[in-house]
1. With open to solvent by 20 Å² or more (accessible area, probe 1.4 Å) and at pLDDT 70 or above as the only criterion, which of Gln192, Gln208, Gln241, Gln203 stands out?
2. Could we say that Glu320 is surrounded by fewer than 20 Cβ atoms within 10 Å (Cβ to Cβ) and either modelled with pLDDT of 90 or more or not in a helix (DSSP H, G or I) (or both) here?
3. Cβ-Cβ below 6 Å, separation at least six or inter-chain, first residue in the stretch 281-293 and modelled with pLDDT of 95 or more, second of a type in the set (Lys, Arg): which pairs?
4. Name every residue in the stretch 354-377 that is farther than 19 Å from Val43 by Cβ, in a loop (DSSP other than H, G, I, E, B) and at pLDDT 85 or above, in order of residue number.
5. Among residues belonging to the stretch 263-280 that are crowded, with 22+ Cβ neighbours inside 10 Å and assigned to a helix (DSSP H, G or I), point out the one that is modelled with the highest pLDDT.
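The values are calculated or read from the model by the stated rules, or taken from the named source; none is laboratory data. Because the structure is a prediction, the values reported are computed rather than measured. Heads up, the Cβs are rebuilt from the backbone with ideal geometry, glycines too, and the neighbour counts pull from every protein chain shown. When the accessible area is computed, the model is the full protein with side chains, heavy atoms only, and any ligands, DNA or RNA have been set aside. Shrake-Rupley method; radii C 1.70, N 1.55, O 1.52, S 1.80 Å.
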Amino acid sequence: MAAEVLKAGYAQGDVPTAGLLSELKLRRPRTWMTVTNSQGVLVSRSLRKLCKQEGVAMADDDDDAAVLKALLGAEHSAVPRLSPKVSQQAEFDESKLKDEFRHLLEVSGSHPGSAQGTQLSFQAWLSWKWLKDRIGPAGSSAIITPEAARDLWIRVLGCSSEASAEVSAGEQQFVALANALSLECGRATSIQSLMRGRAGRQQAQLSQARQASRCLDGVAKLAPFNPTPACAVNQALDALQVGPGDILYDLGCGDGRLLLAAARRGARAVGIEYDERFVERARAAASDAQLSDLVSIICGDACTVDLALATKVFVYLVPEGLQRMEPALAAALRSGKPIASYTFSVPAWEPSEVLTAGTRAPECKVWVYSNIEALPA
């Protein structure tokens, strides 16, 4: 099921807008990733926000096509709000990329003089040496998984997942893929320290947590500690319609801030946390807020928790953690329990809603899965 509820300002893809988006994807892939969601659908509010940051001239009543034209006509490329390190990772010398493309054509056995010889297959692209240390299986030292790389291939080339193995990339698409993948890698390694200018404070919290961490033995780490911002907490609870009578489970609850917010709405809230230090902190916060009668913190393994009593579920996990939790989350969704995930989407699931906010980075979305149509066929 496509994301039909477009509360965050997503624009339906009409023909003129789709054509302009395709041009933007080829000419300015980093900008394209900033103004679209993970399905390549234009986020109207993100588009206008970026144009204001760049000083692109536009009128309040301009439609998305007009704003896209103005953006494409601007002299300076938009750069997402990333640290200098990530921005440098996303920069490429286009002439060198074109040399790499021609080299890959040669080593893959293609003949540049033929029609087929000007295109690279997905497998030929994966053979590029630059990708060797960046793409690999979950749990390895690689930054992103082959599945994520295929998703990026599909997004940049605009093909379906079924046709991804047959569709080939030309020179300009190869350049777009390189820039998009570099940005994705930089974001994946830095996103925890880029949340709306809180990097210094959050890095200190993370360092302190690591030093004093008392984690249960034999329990897989599903995500590092990184507090969910208040705007995302409220969006998730609103989207899940949390209220009296609900039992909300937060899998990997950290310091328990989302549990307290749910309890203030009259819901019972249960947090699962494997780090004893954060369990103590969350319990103390519930006690200080006089919400201990509604908030329970379990020190345990989220992968083995029984969600039978839950009516709503929230997660803020990295992709590998979501992959581990996918069977339990799928079972919960099939039994009618809606799920909200912050920042990262559940792999291969189709969201019912994707929510953004002007108070946080565009990539920090709340992904909502409200029914079994979200699950892969």
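1. Result of the check over Gln192, Gln208, Gln241, Gln203: Gln241.
2. So Glu320 fails the test.
3. none
4. The answer is Ser370, Asn371, Leu375, Pro376.
5. For the stretch 263-280, the residue satisfying everything is Ala263.
Residue by residue, here is whether (1) under 20 Å from Leu259 (Cα atoms); (2) within 22 Å of the chain's Cα centre (by Cα); (3) surrounded by 15 or more Cβ atoms within 10 Å (Cβ to Cβ) holds:
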{"residue": "Asp293", "(1), (2), (3)": "yes, no, no"}
{"residue": "Cys299", "(1), (2), (3)": "yes, no, yes"}
{"residue": "Leu307", "(1), (2), (3)": "yes, no, yes"}
{"residue": "Pro338", "(1), (2), (3)": "yes, yes, yes"}
{"residue": "Thr343", "(1), (2), (3)": "yes, yes, yes"}
{"residue": "Glu363", "(1), (2), (3)": "no, yes, yes"}
{"residue": "Asn371", "(1), (2), (3)": "no, yes, no"}
